[in-house]
Amino acid sequence: MIKNNFFVACISAATFFSNALNAQCAPVSEFSENFDSYSCCAMGVVPTCWNSIMTQGGNQIISGTSPASGTSQIYQTGYGAGKISIVVMPPITNINTGTHHFRFKVKASSGPGHLDFGYITDINDISTFVTLQSLAIFNSTYDSTSEKILSVPTTVPANARLAIRNPGATWAGHYWDDAIWELKSNLGLNETSKETIKIYPNPFHNILNISDSKNVKNITINDSAGRIIKTIAKPSEQLDLEELKPGVYFVNIYSEGEDKQTVKVIKN
């Protein structure tokens, strides 16, 4: 009994510290997180300005077990009723404008999984979580079915925080990665405005390859807010983008004749 009480006390203290530490984060309009700045296996660890809430028997860690990209991902478990973990995303300015959606990749081990996507209005009160969509997860690897795109209704309170809950409904371990809050009008990861030139790999680390650069006049790279952060004249077939921080970018390819092609990419 003493051991269990100590475990609960540690979880409560860790949750309180995490919430207090992240309470003053300024809201953002978009985010992209692949968790690669964090490593296994301390319980409750989440990125800066995120939060983690757990009850006894529920847990959440950073895991390096075959992530969707890079080196790390979120791992949530909780076996049985009341054994809950909730990962709370950073405060956002446009949660209820209807202009954005949430996109991530998810898999489950040891049988079908179940996660709830929703929001929470008080990060110190687990009972204020509201489910927007329940997700049944049948894939055990990151495959063609692993990516989920989830809308948020305009009725969500402006002060709410998006969150993913493992309600302890199954014995599965739940892994998820590449979490993105983005404009609905943004091109999908593998979509382009034209199919003439291919950009790969996607996601990438430092180097992007261009399938055919001989007719490319210049390339501009925009961040997720639409700002031009790099211009490359007469590019080669390899773009060295080591200086870019991890996140979502738009590569605009201008060919001779002013044809334009846009590709959305993610840097790990």
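Before we move on, is F138 free of Cβ contacts under 8 Å to residues at least 40 places away in the same chain and of a type in the set (F, W, Y)?
On the way: free of Cβ contacts under 8 Å to residues at least 40 places away in the same chain: yes; of a type in the set (F, W, Y): yes.
Taking the combined requirement at face value, the residue satisfies it.
Quick one: in the range 120-135, of everything that is in contact with a Leu (Cβ under 9 Å, 6 or more places away or on another chain) and either surrounded by 15 or more Cβ atoms within 10 Å (Cβ to Cβ) or among the small types (G, A, S) (or both), which residue is farthest from G58 (Cα to Cα)?
L132
Would you pick out the residues in the range 31-58 that are surrounded by 18 or more Cβ atoms within 10 Å (Cβ to Cβ), touching a Gly at 6+ places or on another chain (Cβ under 8 Å) and without any contact (Cβ under 8 Å) to a residue 40 or more places away in the chain?
S52, the sole residue that qualifies.
Would you check if there is a residue in the range 107-114 being out of contact with any Lys or Arg (no Cβ under 9 Å at 6 or more places or on another chain), within 23 Å of A42 (Cα to Cα) and in a loop (DSSP other than H, G, I, E, B)?
Yes.
Determine whether N96 is in the same structural domain as G44 (by TED's automatic domain parsing) and touching a residue at least 60 places away in the same chain (Cβ under 8 Å).
The answer is yes for N96.
Of all residues in the range 38-66 being assigned to a loop (DSSP other than H, G, I, E, B) and polar (S, T, N, Q), which is farthest from S109 (Cα to Cα)?
Ranking the candidates gives T48 first.
Looking at the range 117-164 only, could you name the residues that are part of a strand (DSSP E or B) and within 14 Å of N94 (Cβ to Cβ)?
Answer for the range 117-164, where residues must be part of a strand (DSSP E or B) and within 14 Å of N94 (Cβ to Cβ): Y119, S151, R161, L162.
Among the residues of the range 114-122, are any more than 15 Å from the chain's Cα centre (by Cα) and small (G, A, S)?
No, the range 114-122 contains no residue that is more than 15 Å from the chain's Cα centre (by Cα) and small (G, A, S).
The values are calculated or read from the model by the stated rules, or taken from the named source; none is laboratory data. The shown structure was predicted, so the numbers you read here are calculated from the model rather than taken from an experiment. Cβ: placed from backbone, ideal geometry, glycine included. Neighbour counts: every protein chain shown.
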